[in-house]
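Please read the structure below before turning to the comments.
What follows draws every value from the coordinates through simple rules; no lab data is involved. The structure presented is a predicted model; accordingly, all values stated were derived computationally and were not measured. A quick note on method: Cβ atoms are made from the backbone with ideal geometry, for glycine too, and the neighbour counts reach across all protein chains shown.
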Amino acid sequence: MKAKSVKEIEKLLSPISDAETIEVNLKQLLLVYRAIEDWRGFFHNPMHYPTVEDVSKYLGNRRSGMYAVMDHIYMKTFEQLLPSDIEDRLEELL
């Protein structure tokens, strides 16, 4: 599986107006920010993952590792942040 590019993701989201906003709790936003910062901090330097096992250990699973963090953000944090009509619109776009 290949990761989508920024352009591909932006194209999927093109029906969403730049003028639309939602209110975000600062602590929830910072959780997302710190998770991305941690992910970027790991992958920006190939010396952090010389083997596939190193990547696998970092990614982990639903109970530990970066996958657990991203799963929590997706299943818990975003559920609190995104109104149901937005979630429905996202589903339609994908």
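Regarding the chain, what's the average projected area of the Cα-atom convex hull, expressed in nm²? Working shown, then result.
On the way: hull surface 29.7 nm².
Its average projected convex-hull area is 7.4 nm².
Scan the chain and hand back the longest stretch that contains none of the GluC sites (Glu not before Pro) lying in DSSP loops with at most 14 other Cβ atoms within 10 Å. Looking at the chain, 24-94 is the longest stretch - no exposed GluC sites (Glu not before Pro) with at most 14 other Cβ atoms within 10 Å. Taking the Cα centre of the chain as reference, the dipole from Cβ charges on Lys and Arg (+1) and Asp and Glu (-1) amounts to some 500 debye.
Applying a length cut-off of 20 Å (Cα extent along the axis) and a mean Kyte-Doolittle floor of -0.5 to the DSSP H helices of the chain leaves 26-43. In plain terms, the residue of Met1, Met47 with the fewest other Cβ atoms within 10 Å comes first and the most crowded comes last, giving Met1, Met47.
In the chain, taking the dipole from charged Cβ atoms about the Cα centre, the farthest positive-side position among His44, Thr77, Leu90 is held by His44.
Provide the gained length on full extension for the span Leu26 to Phe78, in nm with one decimal, where the gain is 0.36 nm per separating residue minus the Cα-Cα distance.
Working: separation 52, 0.36 × 52 = 18.72 nm, distance 1.30 nm.
The span from Leu26 to Phe78 would gain 17.4 nm if fully extended.
Relative to the current alpha-carbon distance between Leu93 and Tyr58, full extension at 0.36 nm per residue lengthens the span by 9.5 nm. Between Val52, Val32, Val24, the residue with the greatest mean-square fluctuation in the GNM of the chain (Cα pairs under 10 Å linked by springs) is Val52. Modelled spin-label separation between His48 and Glu10, with each label point placed 7 Å from Cα along the Cα-to-Cβ direction: 2.5 nm.
Per DSSP H run of at least 4 residues, take -39500 (n - 2.57); add these up for the chain, divide by its residues and hand me the 222 nm value, nearest 500 deg cm²/dmol.
On the way: 6 runs with 55 residues, N = 94.
Mean residue ellipticity, 222 nm, calculated: -16500 deg cm²/dmol.
With contacts taken as Cα pairs under 8 Å and at least 6 residues apart, the range 22-93 reaches a relative contact order of 29 percent.
Taking other Cβ within 10 Å of each residue's Cβ, how do Met70, Met75 sort, fewest first?
Values: Met70 17, Met75 10.
Lowest to highest Cβ neighbour count: Met75, Met70.
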